[in-house]
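Undergrad: Handing you this structure, nothing more for now.
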Amino acid sequence: MFDVLVFVYENYWRGDACPQSSQLERKLHTVGFESQEIKDALQWLTGLRQATHNTQRPIATTVHTPAPVRPAASYRLDASPSMRVFSIAEQNRLGSECLGFVRFLEAAAVLPPHMREIVVDRAMACGSEELDLEGLKIIVLMVYWSFGEEPDALVLDELCDDARDRLAH
C-alpha cells in the first residue's frame, strides 16, 4: 500500500489535485500496481480525505485586553499545555521509534495537534502489525499533502531521507 501512496504523492502535488477514486484506480492499474494494494490504498486515502475535511485548522486567537492592540507575540496557535497520551493499541502499532519521531516533530513545532491526530488515525488504519519508521514518514507526508501544505525544507529532508545512511559529524 505504501508504494501506491508514494506514487500518489509524487504524481499529484496536492490532495485536491488528486483525481476521483475511480479514475485514480484506473491510473494505478495502468501503472502496474496489484488490485489488493490499490484497494487498500484507495480505502486509506478515503479515510484521509474524510479526516482532513472534518478537521478544522486552529484559528489564531488574541488575548482580549482593554489596552491598545497587543504585539504579534500574543497571537498563538493552539498553545494549550495539554499532553497526548497514546493508548496501548497506538503504542503497539507505532512502537517506540515511531512514537519518538512523532514527539520529535511536535517538539520541533512542525506537527500541530490537529495533524498529529490524523497521523495517528491513519497509522492505526494501516493494518495490524507494528508500523516502521519509513511507513510513518510516508503517512506524515500524506497528511501534509492532504492539507495542501508542503513541509518546511528541513522537515521534508527528514521525512524523505533515510537516517541510516547518514554519517555523524
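Just so you know, all these numbers are worked out from the coordinates, no wet-lab data involved. Predicted, not measured: the structure shown is a model, and the values here were computed from it. When we count neighbours, we look across all protein chains shown, and the Cβ atoms used for this are built from the backbone with ideal geometry, even at glycine.
Undergrad: What net charge is computed for the residues neighbouring Glu37, neighbours being all others with C-beta under 15 Å from the C-beta of Glu37, Lys and Arg scored +1, Asp and Glu -1? Intermediate values should be presented prior to the final figure.
TA: Values: positive: Arg26, Lys27, Lys39; negative: Asp3, Glu25, Glu34, Asp40.
With Lys, Arg at +1 and Asp, Glu at -1, the net is -1.
Undergrad: Taking 0.36 nm per residue of separation and subtracting the Cα-Cα distance, what length does fully extending Gln23 through Phe7 add? List each step's numbers first, then the result.
TA: On the way: separation 16, 0.36 × 16 = 5.76 nm, distance 1.45 nm.
Extra length available between Gln23 and Phe7 comes to 4.3 nm.
Undergrad: So what's the net charge close to Asp121: Lys and Arg +1, Asp and Glu -1, counting the other residues with Cβ under 12 Å from its Cβ?
TA: On the way: positive: Arg93, Arg116, Arg122; negative: Glu90, Glu117.
Once all neighbours under 12 Å are counted, the net charge is +1.
Undergrad: Follow-up question, since we're still on this one. How much length, in nm to one decimal, is gained on full extension between Glu150 and Glu129, taken as 0.36 nm per residue of separation minus their Cα-Cα distance?
TA: Numbers: separation 21, 0.36 × 21 = 7.56 nm, distance 2.88 nm.
Fully extending the segment from Glu150 to Glu129 adds 4.7 nm.
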